[in-house]
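Reading through the structure tokens given below for one structure.
The values are calculated or read from the model by the stated rules, or taken from the named source; none is laboratory data. All figures in this text were calculated on a predicted structure; none of them were measured in a lab. Because the Cβ atoms are built from the backbone with ideal geometry, glycine has one as well, and the counts that use them run over all protein chains shown. SASA here: full protein model, heavy atoms, side chains in, ligands and nucleic acids out. Shrake-Rupley method; radii C 1.70, N 1.55, O 1.52, S 1.80 Å.
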Amino acid sequence: MTKRKSYQLKAGSVNNIQLVDSELPKPAAGEITIQVKSIGFNFADIFAIWGLYGATPEGTFIPGLEYAGEVLKIGDGVSNVKIGDRMMGVTRFG
């Protein structure tokens with residue numbers, strides 16, 4: 001497993017934000033693990049933090065919809081990327 005730190009919070013106030021240690025499982029077949037170097041943080045994230053965005057997750061979530069980083073691990077069957085490749089993408093919080 002890979003250790004990581006992430007900022008997580010429950011909607012309602014930016015004061016709810018906490019830096020949390022957790023472990024990521026090894027990527028399953030067809031998956032990769034990306035070491036995130038930067039995220040996009042915009043109005044949708046601020047509205048989610050305040051609980052005003054319709055897509056705000058229930059409970060604790062990691063803000064940020066866009067990310068960029070490098071491939072850290074590769075699951076079985078992945079052949080189109082290699083460790084160290086730079087990646088970007090979008091996610092639904094977290």
Would you point out the residue of the range 40-94, among those that are within 10 Å of the chain's Cα centre (by Cα) and among the hydroxyl-bearing types (Ser, Thr, Tyr), that is surrounded by the most Cβ atoms within 10 Å (Cβ to Cβ)? Tyr67
If I ask for residues that are within 21 Å of Arg86 (Cβ to Cβ) and either among the hydrophobic types (A, V, I, L, M, F, W, C) or at pLDDT 90 or above (or both), which ones from the range 30-61 would you list? Gly30, Glu31, Ile32, Thr33, Ile34, Gln35, Val36, Lys37, Ser38, Ile39, Phe41
Check on Pro27, modelled with pLDDT of 90 or more and either acidic (Asp, Glu) or within 21 Å of Gly89 (Cα to Cα) (or both): yes
What do you reckon, is Lys37 open to solvent by 60 Å² or more (accessible area, probe 1.4 Å), touching a Lys or Arg at 6+ places or on another chain (Cβ under 7 Å) and more than 14 Å from Ala11 (Cα to Cα)? no
Pairs needed: first member in the range 40-56, of a type in the set (Gly, Ala, Ser); second member anywhere, exposed (fewer than 11 other Cβ atoms within 10 Å of the Cβ); C-beta distance under 9 Å; at least 6 residues apart or different chains. Gly40/Val90; Ala44/Ala55; Ala48/Ala55; Ala55/Arg92
For the range 20-44, what are the residues that are part of a loop (DSSP other than H, G, I, E, B) and among the charged types (D, E, K, R)? Lys26, Glu31
Give me the pairs, please: first residue somewhere in the range 1-24 and open to solvent by less than 80 Å² (accessible area, probe 1.4 Å), second residue anywhere and of a type in the set (Asp, Glu), beta-carbon distance under 7 Å, and either six or more positions apart or on two chains. Thr2/Glu23
